[in-house]
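A.B. asks: To start, I am sharing the structure in question, which I have written as structure tokens.
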Amino acid sequence: QVQLVESGGGLVQAGGSLRLSCAASGNTFSIKVMGWYRQAPGAQRELVATITSDRTNYADSVKGRFTISRDSAKKNVFLQMNSLKPEDTALYYCNVETWRTYWGQGTQVTVSS
């Protein structure tokens, strides 16, 4: 089992920055992929970024603005979000994959115009 707790969401003006954090506990040694997803009201949950031991992957909509990183122990994953836009407003979920998928409870990001 893996438990995930996100933090760092909030309200920011367009053009501003936020840094999301996700702390993983439990069987973190079995984690293969860590990532962030988001879900806006009335929309489906979508991938934002993922990270493995040797690569990162970003949604086209956030490339060049967001940066995903993690610590070497795979206990924390971060999402640095710069140049935020109102369309980035969503509930952001931390996600890890072992032999199954785990989700955090979500942290709200609201970007005002």
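Values in this text are rule-based calculations from the coordinates and carry no lab data. Just so you know, these numbers come straight off a predicted model, no measurement behind them. Virtual Cβ from ideal backbone geometry, glycine too; neighbours counted across all protein chains shown.
A.B. asks: Please state the Cα pair-distance histogram of the stretch 8-53 with 10 angstrom bins from zero: what percent is in each bin?
C.D. replies: 19, 43, 30, 8
A.B. asks: Over 22 Å apart: what share of the alpha carbon pairs of the chain falls there, rounded to a whole percent?
C.D. replies: Everything past 22 Å amounts to 25 percent.
A.B. asks: With a point put 7 Å past each Cα toward its Cβ, work out how far residue 21 is from residue 5 in nm, to one decimal.
C.D. replies: Taking the two extended label points, one gets 1.1 nm.
A.B. asks: While we're looking at this one, here's another question. If you put +1 on each Lys and Arg Cβ and -1 on each Asp and Glu Cβ, how big is the dipole of the chain around its Cα centre, in Debye rounded to 20?
C.D. replies: Values: 12 positive and 8 negative charges, 37 e Å.
Around 180 debye, computed over the chain.
A.B. asks: Explain nothing, just the number: relative contact order of the chain, from Cα pairs under 8 Å at least 6 residues apart, as a whole percent.
C.D. replies: So the answer I get is 37 percent.
A.B. asks: Hey, another quick one. Suppose every K and R has +1 on its Cβ and every D and E has -1 on its Cβ; what is the size of the dipole of the stretch 58-98 about the Cα centre, in Debye to the nearest 20? Intermediate results must be reported in sequence, preceding the final value.
C.D. replies: Working: 6 positive and 5 negative charges, 32 e Å.
Magnitude of the dipole: close to 160 debye.
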